[in-house]
Amino acid sequence: MSYQVLARKWRPRTFAELTGQGHVVTALANALSRGQVHHAYLLTGTRGVGKTTIARILAKSLNCLTNGVSATPCGTCAACADIDAGRFVDLLELDAASNTQVEQMRDLLDNARYAPTVGRYKVYLIDEVHQLSKHSFNAMLKTLEEPPEHVKFVLATTEPEKVPVTVLSRCLQFALKPLTPEEIGGRLAYILREEGVPHDEGAIAMIARAASGSLRDGLSLLDQAIAFGGGEVRDQPVRAMLGVVDREFVYRIADALADGDGPALLAQADAIAARGLSAEVALAEFAGLVHRIAVAQAVPQAADAFDDAGRVKDYAMRFAPEAIQLLWQIAAQGRADLAIAPDESTGFAMTLLRMLAFEPASSASPARGPRERAPEPQRTARAGAAASAGGDGHPAQAAAGPQPARATSTPRAVLPSEPRDWPAFVADLKLTGMAGELAAQSEMRRLEGAVLTLALPAGHQHLAGKSYADRLKAALEQATGARLLLAFEVGEVADDSLAARTARERDEARARTEAAFRAEPLVSELVARFGATVRTDSIKPR
Ligand SMILES: Nc1ncnc2c1ncn2[C@@H]1O[C@H](COP(=O)(O)OP(=O)(O)O)[C@@H](O)[C@H]1O
Ligand SMILES: [Mg+2]
Ligand SMILES: [Zn+2]
């Protein structure tokens, strides 16, 4: 028998078997049991989070011969079996990416008028619906406006912001969430147990993280890992396969930073270079740790879910929230800078030393000389500020720096219509925490109907994922009183976010500090050792 890839073999066949997406499943199950299924659904979300899977289960729920319309199709009747096998005549699966022809679309929708051949409902599943041509959209709209009783539409897209508002407004929309590493890990472990594949928990955790929210990606990596590991999924080979940097390195870097220990920090940079590990991956892993620390500082209970919760909580006490925000920015900038560094290990060492040399501009603690070793933790500004934060869980401050104080006279804010007004709008909102960070780093692209499209620099794209986008959406909706749909574009930015503007305004102050900074012994040592140049834009006045 030929090998079937895990993602196909383990496509969930019931709602109960789905990982995550509980909010969507509950809503669909309620509608099904009440017999109030909407005629058109739009499922949004990145690749491999369950859009097609949910659409197929819905098709079974509507057409099951044994159980009638219900949230628990039998899975064995002719209709269920045919849908699972992908050969049910009344489930019409179309990939808009390859069916953009108007005539094809028209043929398809003309057929919608006819009663289903064998089933109760004709179900149209149109994948990547945003890729339909304008004409095809119009053809579809006609059917959406007056849908025949026996027709249900399930539209799926990874880019909801590209779906015309006319279509959006006729659909019930469900946003599928990227799956957490824990959710992905749980599913992978379950599948490996069922398959009888020996495995290490650490290996699963690494794959789950590398999957970045997509279960399909997780399962493809798992396929690779099984092949790579000769039928087993073990820590060492998986680490090699993924190019993962041992977390111990990352912890030692964090320790050196917390202690203000320059030599220890350089030793880690050397060790990573000597082992031929990727600086890019090391910085990404470090950024991951910084993110977990930030979460632990803002929402201590949320940190319990991390597989290294103990250490993360320890760091959460040792670093000030402002320092964590700064480390995050330097790590993100450092990844971008690797491309222009003379070589990877120099770029990496520079980034680490920059982390050591700078303190948050907002830190009220007394400055410390960067070259000093600080044997007792209280002497570092980082630890000092952490002590004053006192673990009371107040949300981490956005790293965008001081926000211009402006009086807001009206309680209702109005979304700007021009991208250039976005930074001032964001400043007025005075958002805190990660929603504030996301808003500050974002530039506005456009506002079309309820769809607000923002752009993020590549180094900050993580902010658009997870729950931060939801938080920003909620904050914006509260401030404006309007319902919104947020969309993000990553990459091309014009440097016109609040953060970029604030940074520019600080440049002047920085220039003054620069001369003083160059005179620091650590810096001159660095310049001598690596032939490095000082990046003026990284200097913050104290
Ligand atoms: N929520 C989920 N629960 C369990 N498996 C999932 C989930 N999402 C995706 N998968 C796995 O990934 C594969 C692809 O999922 P699919 O639903 O086609 O993703 P997409 O969102 O891109 O349509 C499925 O066959 C299944 O194995
Ligand atoms: Mg799909
Ligand atoms: Zn059935």
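The values are calculated or read from the model by the stated rules, or taken from the named source; none is laboratory data. Because the structure is predicted, anything quoted here is derived from the model rather than measured. Cβ coordinates were reconstructed from backbone atoms using ideal geometry, including for glycine residues, and neighbour counts include every protein chain displayed. Surface accessibility is based on the protein's heavy atoms, side chains included, excluding ligands, DNA and RNA. Shrake-Rupley method; radii C 1.70, N 1.55, O 1.52, S 1.80 Å.
With both labels modelled 7 Å from their Cα along Cα-to-Cβ, the T117 to H38 distance reads 2.9 nm. Between E448 and T453, the built amide H atoms are under 5 Å apart, and every one of these is 5 or more places off in sequence or on another chain.
Close amide H contacts of C74 (hydrogens built in the peptide plane, cut-off under 5 Å, sequence separation of 5 or more or a different chain): T66, N67. Of the peptides 128-137, 203-212, the ranking by mean beta-carbon count within 10 Å, highest at the top, reads 203-212, 128-137. Between region 58-112 and region 224-261, the alpha-carbon centres lie 44 Å apart. In region 181-242, Rg over Rh equals 0.90, where Rg is the alpha-carbon radius of gyration and Rh the Kirkwood radius from pairwise Cα distances. Sorting D255, D314 on solvent-accessible area from highest to lowest, probe radius 1.4 Å, gives D314, D255. In terms of distances greater than 27 angstrom between alpha carbons, the cross-link table entries K162/K473; K162/K430; K9/K177; K51/K313; K122/K473; K51/K134 yield K162/K430; K51/K313; K122/K473.
The alpha-carbon atoms of region 25-127, seen along their principal axes, cover 37, 32, 25 angstrom, with the largest extent given first.
Label separation (R446 vs E93): 3.2 nm, computed from points 7 Å beyond Cα along the C-beta direction. When Rg and Dmax are taken over the Cα atoms of region 51-209, they come to 18.4, 54 Å. According to the calculation over all Cα-Cα pairs in region 129-243, the P(r) per 10 Å bin from zero is 13, 33, 16, 19, 16, 3 %.
Carbon-plus-sulfur accessible fraction, region 181-242 (probe radius 1.4 Å, protein heavy atoms only): 49%. Protein-only accessible surface at a 1.4 angstrom probe places the residues K177, K51 in the order K177, K51, largest first.
Ordering H150, I207, T180 by the projection of their Cα atoms onto the charge dipole of region 124-216, which places +1 on the Cβ of Lys and Arg and -1 on the Cβ of Asp and Glu, puts H150 at the extreme positive end. With R₀ set to 25 Å, the beta-carbon distance separating E195 from E248 gives a calculated FRET efficiency near 0.25.
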